[in-house]
Amino acid sequence: MSTIYILWLRQLKRFWRKKTTLVGSLGQPIIYLFVLGFGLSPIFAKAGGGDYIQFIAPGIIGMTVLFTAIFNGVEIIWDKQFGFLKETFVAPVSRFEILVGKTLGGATVAGIQGLLVFFITFLSGFRPVSLAQLPLAFLFLVLISLLFSAIGNTIAARLDDMQGFPLIINFVIQPLFFLSGALFPLNGLPSVLSFITKINPLSYGVDGLRFALSNSNVFSPWTSIAVLSGFLVVTLAVGTYQFSKIEL
């Protein structure tokens, strides 16, 4: 447990030293929320979809967490190149503990940024439908953060090229984001796209956030929790295997 705590704390210290990165990372969700949100709001309302800001805000929160959490995997490659990972691996701790520590660190950073964007959505006019459901929203925020932090670490475990990681991650996260229902409703999609959205774990995270914050959902919240938890367990298992294959 001490190893997990140390790795988690180290990740937070890195995050604190990069406060400018935090501010810069808020640019994309702000653009999506205010430009896309207000730009498409009249069209969404005319189509009978209601208030687009209420619809898109949970998706933008999910997007922020996704991007931040999965890109934290680059720290693994950084640690490889500068020898910190080697020092960690020679310690008498399991690779699983190392993976969990780094996953918790990345998830904490992503969760903080998700909360910041949540408060920013209030400036756009977004309001949660029920304060009583905020703990459920927080639960989905945690699950999304943990899952995609673990995915980022798992991918990074097999890479040594710092420049190649963003290319691979962008190839992964763009379909995840655009086919998650963050920007448009999942109802009435063509059968192929509908199938893809149903096997996309982010779809369940965004839908769970939307249920908790806007009382609108496609999947049962319990189904969403089960799917996210199942993906997390599988990802941690795969990540532990990938970590066991790292040779330093």
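How high is the relative contact order of the chain, in percent, with contacts defined as C-alpha pairs under 8 Å that are six or more residues apart?
Details: 337 pairs, mean separation 66.8, N = 248.
Computed over the chain, the figure is 27 percent.
Calculation over all alpha carbon pairs of the range 110-177 in 5 angstrom steps from 0 returns a P(r) of 3, 13, 18, 20, 16, 12, 9, 6, 2, 0 percent.
What's the lysine pair count for the chain at a Cα cut-off below 15 Å, pairs eight or more apart or interchain?
On the way: 13/102; 80/102; 80/245; 86/102; 86/245.
So the count works out to 5.
The label point for residue 43 and the one for residue 132, both projected 7 Å from the Cα toward the Cβ, are 3.8 nm apart.
Normalised by 2.2 N^0.38 Å, where N is the number of residues, the C-alpha radius of gyration of the chain stands at 1.02.
What does the highest-first list of 105-113, 39-47, 186-194 look like by mean Cβ count within 10 Å? Intermediate values should be presented prior to the final figure.
Numbers: 105-113: 24.2, 39-47: 13.3, 186-194: 10.8.
Highest mean packing first, the order is 105-113, 39-47, 186-194.
What's the angle, to the nearest 10 degrees (0 to 90), between helix 221-244's Cα axis and the longest principal axis of the chain? The answer is roughly 20 degrees.
Dipole orientation for the range 45-144: of the candidates 131, 76, 109, 131 has the Cα lying most toward the positive pole (charges on Cβ; Lys, Arg +1; Asp, Glu -1). With both labels modelled 7 Å from their Cα along Cα-to-Cβ, the residue 172 to residue 238 distance reads 0.8 nm.
Put simply, the amide H of residue 186, placed in the peptide plane, has no neighbours under 5 Å, leaving out anything fewer than 5 places away on its chain. What's the center-to-center distance, using Cα atoms, between the range 115-168 and the range 200-225 in Å? With the range 115-168 and the range 200-225 each reduced to a Cα centre, they are spaced 14 Å.
Relative to the longest principal axis of the C-alpha atoms of the chain, give the angle of the C-alpha long axis of helix 164-178, reported between 0 and 90° and rounded to the nearest 10°. Helix 164-178 and the main axis of the chain meet at about 30 degrees. Mean residue ellipticity, 222 nm, helices only, the chain: the sum of -39500 (n - 2.57) across DSSP H runs of n ≥ 4, divided by residue count and rounded to 500, is -24000 deg cm²/dmol.
Note the angle between two axes, namely the Cα long axis of helix 52-71 and the longest principal axis of the Cα atoms of the chain, as a number of degrees from 0 to 90, rounded to the nearest 10. Between helix and principal axis, roughly 10 degrees.
Laboratory data are not the source of any read-out in this text; all were calculated from the coordinates shown. This is a predicted model, so every value here is computed, not measured. Neighbour counts run over all protein chains shown; Cβ positions are idealised from the backbone, glycine included.
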